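Read through the structure below, which is laid out as structure tokens, and then see the notes.
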Amino acid sequence: MGLREITRVEIVSPTDDRPSPEFQSVLDVSPIALRLGTEYCIELGFDGERQGQKADFRPGLPLMMSW
């Protein structure tokens, strides 16, 4: 069956309180969310994350995936 649709995109940042005006304009018109965390990372959710599965590619790649 495989993954079909990206349903969540979050950028995790230790400095999420002041995005640049340019980045804020991207956030305002897209489904991308910005969230405070201890280190930079991208989190992607697929298919509503119904299967309850996760893959964490850190520290080699700042990426986490859930499906």
Between residues in the stretch 17-28 that are closer than 18 Å to Tyr40 by Cα and residues that are modelled with pLDDT under 90 and not in a helix (DSSP H, G or I), which pairs lie under 8 Å by C-beta distance while being six or more apart or on different chains? Leu27/Pro19
If we take the chain, then strands (runs of 3 or more DSSP E) inside it with 2 or more residues that are at pLDDT below 95 and exposed (fewer than 13 other Cβ atoms within 10 Å of the Cβ) are 32-36
Would you be able to tell me the number of residues in the stretch 37-53 that are within 14 Å of Ile6 (Cα to Cα) and either in contact with a Leu (Cβ under 9 Å, 6 or more places away or on another chain) or basic (Lys, Arg) (or both)? 6
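The values are calculated or read from the model by the stated rules, or taken from the named source; none is laboratory data. Treat the numbers as computed from the prediction; the structure is a model and nothing was measured. A quick note on method: Cβ atoms are made from the backbone with ideal geometry, for glycine too, and the neighbour counts reach across all protein chains shown.
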